[in-house]
1. Give the residue that is modelled with the lowest pLDDT, with candidates limited to residues of segment 10-36 that are of a type in the set (G, A, S) and surrounded by 13 or more Cβ atoms within 10 Å (Cβ to Cβ).
2. Here are some residues: V101, V93, V122. Which one is loosely packed, with under 15 Cβ neighbours inside 10 Å, in contact with a Leu (Cβ under 7 Å, 6 or more places away or on another chain) and touching a residue at least 12 places away in the same chain (Cβ under 8 Å)?
3. Condition check: in a loop (DSSP other than H, G, I, E, B), modelled with pLDDT of 95 or more and in contact with a strand residue (DSSP E or B) (Cβ under 6 Å, 6 or more places away or on another chain). Does V96 satisfy that?
4. For residues in segment 62-76 being touching a Leu at 6+ places or on another chain (Cβ under 8 Å) and part of a loop (DSSP other than H, G, I, E, B), which is modelled with the highest pLDDT?
5. So which residues in segment 105-119 are in contact with a strand residue (DSSP E or B) (Cβ under 7 Å, 6 or more places away or on another chain), touching a residue at least 12 places away in the same chain (Cβ under 8 Å) and either among the small types (G, A, S) or over 25 Å from F281 (Cα atoms) (or both), if there are any at all?
6. Considering L59, L48, which residue is modelled with pLDDT under 90 and closer than 26 Å to T236 by Cα?
7. Consider P46 carefully, then state whether it is closer than 24 Å to V122 by Cβ and part of a loop (DSSP other than H, G, I, E, B).
8. Which of the following residues is within 22 Å of the chain's Cα centre (by Cα), part of a loop (DSSP other than H, G, I, E, B) and among the acidic types (D, E): E182, E154, E194, E141?
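The values are calculated or read from the model by the stated rules, or taken from the named source; none is laboratory data. Since this is a predicted model, take the numbers as computed values, not measurements. Virtual Cβ from ideal backbone geometry, glycine too; neighbours counted across all protein chains shown.
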Amino acid sequence: MAVIGAGQAGLSAAYHLRRTGFRNGTGFVVLDHGKRPGGAWQYRWPSLKLGKAHAIHDLPGMALGEADRDRPASEVVSEYFGRYERTFDLPVVRPVDVLSVHDEGERLLVESATDTWAARAVINATGTWDRPFWPYYPGQERFRGRQLHTADFESVEEFRGKHVVVVGGGASGVQLLLEIAEVASGTTWVTRREPEWLDAEFGPEIGRQSVAKVDRRVRAGLPPGSVVSVTGLALTPDVRRGLEQGILDRKPMFDHLTEHSVVWADGTERHADAILWATGFRAALDHLAPLHLRAPGGGIRMDGTRVVADPRLHLVGYGPSASTIGANRAGRAAVTEIRRYLEGRG
């Protein structure tokens, strides 16, 4: 057995593999490309404090416990994941960049630049952090200011005294826009669609509805779509203040860029010193390309966590399980189904 990725979904799967009776060596291995524990959390910007980070959920079998909410979430979660790996003696090998997965008959061959693992089944938990999405607009290559993706964001101090255009209607874009506005000379917020504000607590029923929408897409072989497209943007106290202060005054998407500006189709022009592309991520699945899993709709057809085209392969932290609590459940479900599959094959 091989698990690819040691974020929330990968560690959850590894925990259930351990409980199910798989052992090191001939049992299972967890391959992680990070240099240290923490999954994607280790790369989050330092100003994202634990108290403002959403979607942190306890891993199975060991709670995060009391933590300083004023510390960076990247530090707290990385330490937590490291404790978790040690507590349950999970066989994590890092850093390993999985380059490809091939079908070799009875086994799936998982390959890195230096090593190969032959696995009877694979749980893929590679998330999205390694595939930031950069849309293209005419003139983008001529713009002389700074352009960066949220994956490259480090500190609001980079934008002090500058006019910053933030592109994207997701939760990260909104949060970073509010932070940047405190030091920038001005900000402009642009999105492709009008934001949908969620004026209600994100409870179990809303969560179930959101998961069901994404599940229908992946069962049909369509790409999962963004989280905010099914959940909406929460009207937190910070967001309400941003709306009242005019910071979250959304503009439609511009048409093109010049050397120093963004320009709309009607000729309206706005000077920009920097553009932050808060345009989300795509699932990091390039290493699965040799298996030819893509459906005509552009996605991978799923049944729960199982890839319909190959029952030996499960995707966790993908589609309906792309949340911390969803990843936990998906890890357990994938291990349960894989065990049944392997036992059925003797």
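1. First, pick out the residues of segment 10-36 that are of a type in the set (G, A, S): 10, 12-14, 21, 25, 27, 34.
From the residues that got through so far, the ones that are surrounded by 13 or more Cβ atoms within 10 Å (Cβ to Cβ) too are 10, 12-14, 27, 34.
Working: G10: 95, S12: 95, A13: 95, A14: 96, G27: 85, G34: 92.
Ranking the candidates gives G27 first.
2. Just one listed residue meets the conditions, V93.
3. Numbers: in a loop (DSSP other than H, G, I, E, B): yes; modelled with pLDDT of 95 or more: yes; in contact with a strand residue (DSSP E or B) (Cβ under 6 Å, 6 or more places away or on another chain): yes.
When the stated conditions are applied, V96 passes them.
4. Here is the first cut: in segment 62-76, the residues touching a Leu at 6+ places or on another chain (Cβ under 8 Å) are 67-74, 76.
If we keep only those that are part of a loop (DSSP other than H, G, I, E, B) too, we end up with 67-71.
Numbers: A67: 82, D68: 81, R69: 84, D70: 82, R71: 88.
Among those that are touching a Leu at 6+ places or on another chain (Cβ under 8 Å) and part of a loop (DSSP other than H, G, I, E, B), it is R71.
5. Step one: of segment 105-119, the residues in contact with a strand residue (DSSP E or B) (Cβ under 7 Å, 6 or more places away or on another chain) are 107-111, 116-119.
Checking which are touching a residue at least 12 places away in the same chain (Cβ under 8 Å) leaves us with 107-108, 110-111, 117-119.
Scanning segment 105-119 gives R107, L108, W117, A118, A119.
6. Just one listed residue meets the conditions, L48.
7. Numbers: closer than 24 Å to V122 by Cβ: no; part of a loop (DSSP other than H, G, I, E, B): yes.
When the stated conditions are applied, P46 does not pass them.
8. Values: E182 fails: within 22 Å of the chain's Cα centre (by Cα); E194 fails: within 22 Å of the chain's Cα centre (by Cα); E141 fails: within 22 Å of the chain's Cα centre (by Cα).
The match here is E154.
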